[in-house]
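**Q** Got a structure for you, written out below as structure tokens; questions coming shortly.
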Amino acid sequence: MLLQTLSGPWQFRQTQTEAWLAAQVPGGVHTDLLALERIPDPFVGDNEKKVMWVAEQDWEYHKTFIVDAGLLAEEKVFLVCDGLDTLAEVRLNGQLLGQAENLFRRYEWEIKAQLQPGENELHLVFPSTVRYCAQRQAERPLMSVDQALTGGPYARKAPCQFGWDWGPMLPPVGIWRDIRLEGRSAARLDDVHLRQFHTGGKVTVTAAVTTEVWNAASLTAELRLTAPDGATFTASAALVAPPGAATLQVEIASPQLWWPNGYGEQPLYAVEVSLAAGGQPCDSRAYKLGLRTIKLVQQDDQWGKSFTFFVNGKPIFAKGANWIPADSFLTRFPDESLEKLIADAAAAHQNMLRVWGGGLYEEERFYDLCDRYGLLIWQDFIFACAIYPLDEADFIENLRQEVIENVRRLRHRASLALWCGNNEMEQGWEGWGWSRPDYEDDLKALVKKAPFLKDMLWAMNRTPLADWRELRDAYDKFFHATLPEWVAQLDPDTDYWPSSPSSNTPFTNVNGQEMGDAHYWDVWHGRKPFTAYRGVYPRFMSEFGFQALPTLDTVKFYAEEADRNMTSYIMEHHQRGNHGNGLIVAQMTETFRMPKDFAALVYLSLVLQAEGIRYGVEHWRRHIERVSGILYWQLNDCWPVASWASIDYFGRWKALHYAARRFFAPIMLSILDEPPQMGLYVTNDTHTDWQGTLRWSLETLSGEVLASGEEAAAAGAYSVAAIHNLDFADRISDSNKREVVLVAELWQGETRLGLSVAGFIPPKHLSLVDPALSAEVQLDGDQLVFDVTAQSLAHFVELKLAGIDGVFSDNYFSLPAGRTIRITCPLPVGWSLAQARDALQLYSLYNSFA
């Protein structure tokens, strides 16, 4: 087998224009135009609107090449396109090879007969997917989100690229993955299905191999598995053609098991499957394999039915977030930035990411990182918040090929925990009015409850009732019969779930609390207080969230100083949720005093988001026997925007991500604050018992202790312990509640595992004074060490190094009077200790209003 890359420099142009322009493949029209300075940065100001014309036009790409002589000597030569975005016509030397219609598929054509001596010309035309979708939508309106370009469900393309309530309307166009020539002779591997069977402490790894054979040469397949310690295991077999298939297996007597982050190590075995014809190598594939079992266990219990992932036979409390595409233009997102995002998730004790159905099946580099860092993957198929034409035969066949390719590509992954049919579509049919309410009043009531449904319902009313019934039946057939059958055939070892949320009973109690997974948006969309989370007991919370602005430096990237006002045109342009900025401010006034300036508003929005999500997570983790997982919305952003993300577009940690590091800690201290009662809890989601010490004190803001206690604390493996229920009814009154807080600390030996502060009134009513924050700064190797102290309670202390995007060991924490908290961060490259001391900035809640 020989390969010749066609990636690298190309030429492109808008169709029906003369001049060819320089392009880079993999890439896209937007990124090429940006590189040529033909369009402004669409992420700045409202430039998005100024470049929307790009996706409305047709584009063409062109390359000439000379075929390597060795390649031409092979029996067959293929043109392989790993990713074309999205509609495309492919021609070689003027001859039409075929058409593409799916971002998520790999296309290839046998081309040896079309190749010629000397120069060859490859020409790709990309008709506008936006125009195609608009035309199909005009012919047959289908519902989708109202913050998007119209007709997205008709294209097999990342739905969010048409726009979402956190993303821009910038559908990319172009050759977005590798393109190459492959020369092959005799035979090639068609499919390799790796499986593992765990019995009696041993693991048997099998490789079911099928081939495509072009001549009758004797074929041999070999499986070689190399352990992390270098030990090798091999098996080989002769393949009789046809059919040219065999199953190889090796046994590992002492396997090193793969575990999710926080539960153990992530050893990966190197696997190579090779094919030889007549003793000559002709094909091979390489994989990384983690040895583990993963099972979604659902058992009847007193609340309904559990929803718990078991890895290697042990329950795993899933902690993590929802993942969206990391950039609106994915081809420019560098490997090191992607690894930082995954590493940052792991650093916050996360062990699961949900690859959300409005994005895409991610590239291999993403799953490589998740395997390495121990992040389980809940993998949605790519359908979200819309009705798709699932009654069209051509559409279904396109989906069938998409599913085959992507399930085959990902099923061996150590991190893969679940296949899920779609995002929120069953909920749409059951609860969003997709089944067409009979009366106008019902429609008005739905819109009043959820304004974002307005455009969906408008589209629904343009379509005959019979068509909606057909579409609902088509949905039912596809997600409850066809798709699970395909998955069971392709990947019998990974569980399938029909939708998120779902009860696994079609169109019944879709978003309930008795069984299945749940999405809870009543705090954000419904404007309920954060305490409302405590009235919800999902079996698995797979979506909930609250927005914040991005960090101030990120806001400065897209908004000029004159625009830095919460209701300015630019600030609202970078807010895609309906009334989002207003919702942030409204909730802010329930918790904090009004900010003194824009920088304080940004800070308060960050702290508010962290506090809101903390309320929910701590509550659900206090009910580990009932709730088995928490995935907040969302981990990351695809452009600079106000959103639910805990890490903004530039990789800057928001307050929420620091809070996640605390509230996702394996041993978590939490306070159930129901003034004047305060409950002290320790949650242990590890597989070993835990013992330590709990200290608490009722104290004034200035540190005077009014009451205190210390006692042994213990929490069994995978359990919660209610350590103490304190009643301060006789100590808290209207005259002192603004001056007093409860401080709780959890210790293991000389190590403090947690520190929590709870007040008896909202923080906005505390009589905060200048805490006189100070920090002693030292250097320990390549780490800066900050010993931070305060003379009075400093709520939500923020550390910054001016001019540097540093990640601290903790941030946005509360510091009671008289205590010291040690914080570390890497010394910036090229900096001295003196520079770090000069650059350090300390800020707290007091500074936001005083």
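The values are calculated or read from the model by the stated rules, or taken from the named source; none is laboratory data. Since the structure is predicted, the reported quantities are computational estimates derived from the model, not experimental observations. Counting neighbours? That spans all protein chains shown, and the Cβs are built from the backbone with ideal geometry, glycine included. Just so you know, the surface numbers come from the protein's heavy atoms only, side chains and all, with ligands and any DNA or RNA stripped out. Shrake-Rupley method; radii C 1.70, N 1.55, O 1.52, S 1.80 Å.
**Q** Looking at region 490-523 only, could you name the residues that are acidic (Asp, Glu), closer than 13 Å to residue 304 by Cβ and surrounded by fewer than 19 Cβ atoms within 10 Å (Cβ to Cβ)?
**A** 514 - this is the single residue of region 490-523 that is acidic (Asp, Glu), closer than 13 Å to residue 304 by Cβ and surrounded by fewer than 19 Cβ atoms within 10 Å (Cβ to Cβ).
**Q** Starting from region 523-547, keep only residues that are under 14 Å from residue 354 (Cβ atoms), then list their pairs with residues that are hydroxyl-bearing (Ser, Thr, Tyr) and in a loop (DSSP other than H, G, I, E, B) whose Cβ atoms are within a distance under 7 Å, requiring at least 6 positions of separation or different chains.
**A** Once the first residue is under 14 Å from residue 354 (Cβ atoms) and sits in region 523-547, its partners that are hydroxyl-bearing (Ser, Thr, Tyr) and in a loop (DSSP other than H, G, I, E, B) give 540/628.
**Q** Is it the case that region 62-73 has a residue that's outside any loop (DSSP other than H, G, I, E, B), over 30 Å from residue 357 (Cα atoms) and in contact with a helix residue (DSSP H, G or I) (Cβ under 8 Å, 6 or more places away or on another chain)?
**A** Yes, region 62-73 contains a residue that is outside any loop (DSSP other than H, G, I, E, B), over 30 Å from residue 357 (Cα atoms) and in contact with a helix residue (DSSP H, G or I) (Cβ under 8 Å, 6 or more places away or on another chain).
**Q** Report the residue count in region 84-131 for those that are of a type in the set (D, E, K, R), farther than 21 Å from residue 401 by Cα and under 35 Å from the mean Cα position of the chain (by Cα).
**A** Of the residues in that region, 1 qualify.
**Q** Being outside any strand (DSSP E or B) and crowded, with 22+ Cβ neighbours inside 10 Å is the filter here, so list the residues in region 741-762 that pass it.
**A** 760, the sole residue that qualifies.
**Q** Taking the condition hydroxyl-bearing (Ser, Thr, Tyr) and more than 29 Å from residue 377 (Cβ to Cβ), does residue 284 pass?
**A** no
**Q** Looking only at region 45-61, which residues are in contact (Cβ under 8 Å) with a residue 60 or more places away in the chain, assigned to a helix (DSSP H, G or I) and not charged (D, E, K, R)?
**A** Within region 45-61, 51, 54, 55 qualify.
**Q** In region 524-544, what count of residues is obtained for those that are open to solvent by less than 10 Å² (accessible area, probe 1.4 Å), part of a loop (DSSP other than H, G, I, E, B) and of a type in the set (A, V, I, L, M)?
**A** Of the residues in that region, 0 qualify.
**Q** Which residue, of 224, 188, 195, is under 31 Å from the mean Cα position of the chain (by Cα) and open to solvent by 20 Å² or more (accessible area, probe 1.4 Å)?
**A** The match here is 195.
**Q** Could you please find all residues in region 52-76 being of a type in the set (D, E, K, R), surrounded by fewer than 20 Cβ atoms within 10 Å (Cβ to Cβ) and more than 19 Å from residue 188 (Cβ to Cβ)?
**A** 56, 58
**Q** Right, next: Mind checking which residues of region 77-94 are part of a strand (DSSP E or B), open to solvent by less than 40 Å² (accessible area, probe 1.4 Å) and either over 9 Å from residue 107 (Cβ atoms) or out of contact with any strand residue (DSSP E or B) (no Cβ under 6 Å at 6 or more places or on another chain) (or both)?
**A** 77, 78, 85, 87, 92
Residues are listed down the side, and each one gets a yes or a no for (1) open to solvent by 50 Å² or more (accessible area, probe 1.4 Å); (2) in a strand (DSSP E or B):
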residue	(1), (2)
672	no, yes
679	no, yes
692	no, yes
707	no, yes
711	yes, yes
722	yes, yes
731	yes, no
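**Q** Counting only residues that are of a type in the set (S, T, N, Q) and in a strand (DSSP E or B), which one in region 149-200 is nearest to residue 25 (Cα to Cα)?
**A** In this case the residue turns out to be 196.
**Q** Of all residues in region 503-523 being part of a loop (DSSP other than H, G, I, E, B) and of a type in the set (A, V, I, L, M, F, W, C), which is farthest from residue 620 (Cα to Cα)?
**A** This residue is 507.
**Q** Also, I was wondering about something else. Cβ-Cβ distance below 6 Å, separation of 6 or more or different chains: which pairs start in region 708-722 with a residue that is touching a residue at least 24 places away in the same chain (Cβ under 8 Å) and end on one that is assigned to a loop (DSSP other than H, G, I, E, B) and of a type in the set (S, T, N, Q)?
**A** Filtered contacts from region 708-722: 717/688.
**Q** Check 604, 583 and return the single one that is among the aliphatic types (A, V, I, L, M), buried (at least 24 other Cβ atoms within 10 Å of the Cβ) and closer than 30 Å to residue 805 by Cβ.
**A** Selected residue: 604, the only one of 604, 583 that is among the aliphatic types (A, V, I, L, M), buried (at least 24 other Cβ atoms within 10 Å of the Cβ) and closer than 30 Å to residue 805 by Cβ.
**Q** Kindly indicate the residue of region 797-846 that is open to solvent by 40 Å² or more (accessible area, probe 1.4 Å), touching a residue at least 60 places away in the same chain (Cβ under 8 Å) and part of a helix (DSSP H, G or I) and also farthest from residue 593 (Cα to Cα) among those meeting that condition.
**A** 837
**Q** What is the residue count in region 294-341 for residues that are small (Gly, Ala, Ser), in a loop (DSSP other than H, G, I, E, B) and either open to solvent by less than 10 Å² (accessible area, probe 1.4 Å) or without any contact (Cβ under 8 Å) to a residue 60 or more places away in the chain (or both)?
**A** Residues meeting the conditions: 2.
**Q** Kindly indicate the residue of region 155-181 that is farther than 30 Å from residue 546 by Cβ and open to solvent by 10 Å² or more (accessible area, probe 1.4 Å) and also farthest from the chain's Cα centre (by Cα) among those meeting that condition.
**A** Selected residue: 180.
**Q** Mind checking which pairs have a first residue in region 16-44 that is closer than 19 Å to residue 167 by Cα and a second that is open to solvent by less than 10 Å² (accessible area, probe 1.4 Å) and of a type in the set (Lys, Arg), Cβ under 9 Å, 6 or more apart or different chains?
**A** As it stands, the answer is none, since no pair meets every condition given.
Here is a yes/no grid of residues against (1) at pLDDT below 95; (2) out of contact with any Leu (no Cβ under 6 Å at 6 or more places or on another chain); (3) within 24 Å of residue 316 (Cβ to Cβ):
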site: 499; (1), (2), (3): no, yes, yes
site: 504; (1), (2), (3): no, yes, yes
site: 515; (1), (2), (3): no, yes, yes
site: 529; (1), (2), (3): no, yes, no
site: 533; (1), (2), (3): no, yes, yes
site: 548; (1), (2), (3): no, no, no
site: 554; (1), (2), (3): no, yes, no
site: 557; (1), (2), (3): no, yes, no
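**Q** Can I ask one more? Only one of these conditions is not met by residue 283: (1) acidic (Asp, Glu); (2) open to solvent by less than 50 Å² (accessible area, probe 1.4 Å); (3) within 30 Å of residue 157 (Cβ to Cβ). Which number is it?
**A** So the condition that residue 283 fails would be (3).
**Q** Let me ask something else. Quick one: in region 769-789, which of the residues that are exposed (fewer than 13 other Cβ atoms within 10 Å of the Cβ) and acidic (Asp, Glu) is nearest to residue 700 (Cα to Cα)?
**A** For region 769-789, the residue satisfying everything is 776.
**Q** Now, a different point. Could you list, ordered by first residue, the pairs with Cβ atoms under 8 Å in which the first is in region 464-482 and in a helix (DSSP H, G or I) and open to solvent by less than 10 Å² (accessible area, probe 1.4 Å) and the second is of a type in the set (S, T, N, Q) and modelled with pLDDT of 95 or more, at least 6 apart or interchain?
**A** What qualifies is 479/422; 479/499.
**Q** Among 210, 247, which is the only one that is in contact (Cβ under 8 Å) with a residue 24 or more places away in the chain, open to solvent by 70 Å² or more (accessible area, probe 1.4 Å) and among the hydroxyl-bearing types (Ser, Thr, Tyr)?
**A** Criteria check complete, one pass: 247.
**Q** Keeping to region 95-129, report how many residues are in a helix (DSSP H, G or I) and farther than 16 Å from residue 28 by Cα.
**A** Total meeting the criteria: 3.
**Q** Got a number for residues in region 631-666 being within 21 Å of residue 758 (Cβ to Cβ) and outside any helix (DSSP H, G or I)?
**A** 2
**Q** It is to be established whether one or more residues within region 358-366 are over 23 Å from residue 495 (Cβ atoms) and either outside any helix (DSSP H, G or I) or free of Cβ contacts under 8 Å to residues at least 40 places away in the same chain (or both).
**A** yes
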